[in-house]
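What follows is a short report on a single structure.
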Amino acid sequence: MRTLLYNGRILDPSQDLDLVGSVVIDDDQLDYVGPNLPEVDADEVYDCTGLWITPGLVDPHVHLREPGQEYKETIVTGTQAAAAGGYTTVCCMPNTNPPLDNPALVDFILDRAASPEAGGVFVAPVGALTRGMSEEQLTDLAALKKAGIVAASDEGRPIQSAAVMTRAMEFCVQLNLPVMAHCQDASLAAGGSMNDGAMSAMLGLKGIPRSAEEIVVMRNCILSLHTGCQVHVMRVSTWGAVELVRQAKYLGAPVTCDVAPHHFALTEEMVGDFDTNFKSDPPLRTQLDVDLILQALNDGTIDCISSDHSPHASHEVHAPFAEAPMGHAGLESTVGATLTYLYHTKVLTPLQTIEKLSTAPARILRLEAGTLRPGETPVAQVTILNPDLEWTFDVGRTFSKGKNSPFQGMAFKGKAVATFCGGEIYRDARFDDGRIRQVG
Amino acid sequence: MSRHLLGIRHLEPEQIEHLLAMAKEFKKRVSTGKPVPSLQGHVLGMLFFENSTRTRVSFEQAAAYLNLRTANFAAQASSMAKGETLKDTVLTLRFERLDGLVMRHKESGAPTLAARYFGGPVVNAGDGQHEHPTQALADALTILERKGTLEGLVVAIVGDVDHSRVARSNAWLLSKMGAEVRFVGPRTLLPSHTGMLPGQVFHDLASGIADADVVMCLRLQKERMDGGIIGSIGEYAKLYQINRDTVRLAKKDCLVMHPGPLNRGIELDDVAADSELSAISAQVENGIFVRMAALAWVFEGVTPARRVEQPAPKAKEKAKK
């Protein structure tokens, strides 16, 4: 089976490629990427005129909730959502129940991800830094790495002790494992449910101050500088956190960071009258934060974009604000939000956009992904985006079990319309329309 | 669409005026033995998820004057204790054919959530640190009786504004009616950002209550000391107590108010609490009449027990913006 993706705009940041041309997928491998060819022998031809052909997208931060919280999401539904969102690789966070702190659980996740019902994308597990996420005893990181984790993290339960974090980083340096850091001081954030600001004061909700995030970003940057451990700061939300990462990079610390769409597109005012769809961790901040995050995306201080996909059950979300869980199902809205708020606003060029959605996260986590160079990925990983498709995001029509989204009902411009990981794993009906034809 | 009283923040000045005029009229009628409108046939659910004696009794009294039957709902003994969600509890009460709800909850915004699903009027009897609209109405009626107007008055709200729903509702009401609102207290007891609250911040008592027409003291919860929010009760009292000496810093004829329950010797001393300047007992009594007004207002145009036949609200649409 040979598939020809014909006459699309090929964007591959890994080789600085931006040209109109063709991609040929032979069975599950990339066979050709380059200018349009006069004649190609193919079984299926997709007319990609006006579309972007990019390396399969990579999401460095998703919660698949399995094992333990299958009512929120499963590996099957989560990977289906990933495929529909344009992703061919997702990194799943370790705060499951039990947490991902031993090799058997890594095997379990990889097995489930490879099952035929699953979405067909690669799942790259991120292991827990401490046993049971207790913040005390370190996990057997070498065994976890051997089982297949791509990074280690304290997601969901940020390590408060600088001493424990230092030792964790020492091990990770030795094992060449990136640390993905959830940066929040528990004492400052305790009981908080939205940004500590004018809005929380008005609503009578306890706030999470920006200092809660920035103090731990700074600590982790300092520890990275001194241990040499590669630290990836997950989903920054304040301008101060961005500036601290900028400083750490300037000092030569191996620090990177990502941002989630709700933190570059939305602000605290959107909580309105206690709308729990806008309850995030870290919380939605202010326009000033958004403005400086956009700048940092443009100048490269923010390396990549994560969905921070955090699905929850509806009954948990329809609760008093302080009791509702934080986070949003994001796998199927992130590309739309990114193209709408970053590409069409000219914050990012097309190549920068794909760099942040694919090549950069793959590079940071050392994944065989994020490129269209034939032979550099285990199978062909290709995403087709329609950058100009205008559509309305509707959580009611998503694959994810999580229906908690701050983007519900929003108009987006730009969408992932087809995803190939090996073979074709997802195709939007709107992409199909007149674009596919059988040859021969 | 049902009418609710979820907070003063959502009201127009004309609506506040209307509620206060109704309360005044009810007070006159009840005091002179004249009839008041009857809401007979309606059943009012009293949902107090947080302990309250004063507000609950006041609502019971208001309902009794209006011929409203009340159904009490003890949160500890309820299905909430068995793990039912607030949304399901509210939906259950809707189909128990209750016509309206009075609700107190420890979480800010809980009555807003209830109003989304109940389908009948909901009156907020205090939610977390958000709002306590009927207390603000009672305070406003009290000030009106003693000062004749709210417009142009200087009102200092002294104490734990950050944790106070009474302070927020009062600030909204008084500022909407043209008064100047001041928040007075130590930095740790005032909201750290007041950009969206209508009040000026003062950390010094003397300048905060200088020329004040009304000084409203707030209750200081003793547990505030635990998190290091204040050093000690003694230090607080030394800096912010309204007493024989400090009351002189306000206008000569200033009103001294307190939403209760009082910590005598902390926020107020006996001299200030019991002098002719004090309006504390009037606040309590007026609570009944403003709650009558609130209930009569939200039930305007509601036919008893017809609600249940209306289609259920579409949860999904209402849950989002």
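Bear in mind that the values in this text are calculations on the coordinates, not laboratory data. All values reported here derive from a predicted model rather than from experimental measurement. Because the Cβ atoms are built from the backbone with ideal geometry, glycine has one as well, and the counts that use them run over all protein chains shown.
Please build a GNM for chain B, connecting alpha carbons under 10 Å apart, and tell me which residue among B:Ala206, B:Ala63, B:Ala115 fluctuates the most. Largest GNM mean-square fluctuation: B:Ala206. All Cα-Cα separations within the stretch A:144-242 were binned at 10 Å from zero, giving a P(r) of 16, 44, 26, 12, 3, 0, each value a whole percent of the pairs.
With the biggest extent put first, the Cα atoms of the stretch B:114-191 measure 39, 34, 16 Å across the principal axes. What does the charge add up to near B:Leu86, with Lys and Arg as +1, Asp and Glu as -1, over the other residues with Cβ less than 10 Å from its Cβ? Net charge around B:Leu86: -3. Residues considered: A:Gly409, A:Gly207, A:Gly156. Largest GNM mean-square fluctuation over chain A, using C-alpha springs under 10 Å, is found at A:Gly409. Within chain B, helices built from complete DSSP H runs that reach 20 Å or longer along their own axis (Cα positions) and carry a mean Kyte-Doolittle hydropathy of -1.0 or higher are B:13-31, B:133-147, B:280-298. Summing Lys, Arg as +1 and Asp, Glu as -1, what charge do residues with Cβ under 15 Å from the Cβ of A:Thr130 carry, A:Thr130 excluded? So the environment of A:Thr130 carries a net charge of -4. Summing charges over neighbours of A:Ser211, with a neighbour being any other residue whose Cβ is under 9 Å away from its Cβ, gives -3 when K and R count +1 and D and E count -1. Dividing the summed helix terms, -39500 (n - 2.57) for each DSSP H run of n ≥ 4, by the number of residues in chain B produces a 222 nm estimate of -11000 deg cm²/dmol to the nearest 500. Computed from the Cβ-Cβ distance with R0 of 56 Å, the FRET efficiency linking A:Ala104 to B:Ser232 stands at 0.55. When shorter helices are ignored and each DSSP H run of at least 4 residues is given -39500 (n - 2.57), the per-residue value for chain A at 222 nm works out to -8000 deg cm²/dmol.
Taken over the Cα atoms of the stretch A:361-414, the convex hull encloses 140 Å³ per residue. Put simply, the Cα atoms of the stretch A:1-129 extend 55, 29, 23 Å along their principal axes, the longest span coming first.
With respect to chain A, whose longest principal axis is taken over its alpha-carbon atoms, helix A:239-250 is tilted by about 70°.
With only Cα atoms counted, chain B has Rg and Dmax values of 19.8, 61 Å. Contact order, relative form, for the stretch A:57-364: 17 percent (alpha carbon pairs under 8 Å, 6 or more residues apart, mean separation divided by residue count). Compute the long axis of helix A:210-227 from its Cα atoms, compare it with the longest principal axis of the Cα atoms of chain A, and write down the angle in degrees, 0 to 90, nearest 10. Result, in degrees: 80. The simple spin-label model puts a point 7 Å past each Cα toward its Cβ; for A:Glu269 and A:Thr49 those points are separated by 4.3 nm. Per-residue mean of foreign Cβ neighbours for A:270-282 is 3 (Cβ atoms of other chains, 10 Å radius). The listed peptides B:29-40, A:102-113, ordered by packing as a protection proxy, come out as A:102-113, B:29-40 (highest mean of other Cβ atoms within 10 Å first). Each Lys and Arg contributes +1 and each Asp and Glu -1, all at the Cβ; summed about the Cα centre of the stretch B:133-283, the dipole is approximately 200 debye.
Axis of helix A:162-175 versus longest Cα principal axis of chain A: the two differ by about 30°, to the nearest ten degrees. Between A:Gly228, A:Gly120, A:Gly402, the GNM of chain A built on Cα springs shorter than 10 angstrom shows A:Gly228 fluctuating the most. Judged by the gyration tensor of its Cα atoms, with axes a ≥ b ≥ c, the stretch A:57-364 is rounded; a/c sits under the 1.5 cut. Per residue of B:129-137, other chain Cβ atoms within 10 Å of the residue Cβ number 2 on average. The alpha carbons of the protein assembly as shown occupy a box of 99, 60, 45 Å along the principal axes, longest dimension given first.
A crude spin-label estimate for the pair B:Ser207 and B:Arg146, with each label 7 Å from Cα along the Cβ direction, gives 2.6 nm. Descending by average beta-carbon neighbour count within 10 Å, the peptides A:377-384, B:91-98 line up as A:377-384, B:91-98, the highest first. Normalised by 2.2 N^0.38 Å, where N counts its residues, the alpha-carbon radius of gyration of the stretch B:133-283 equals 0.93.
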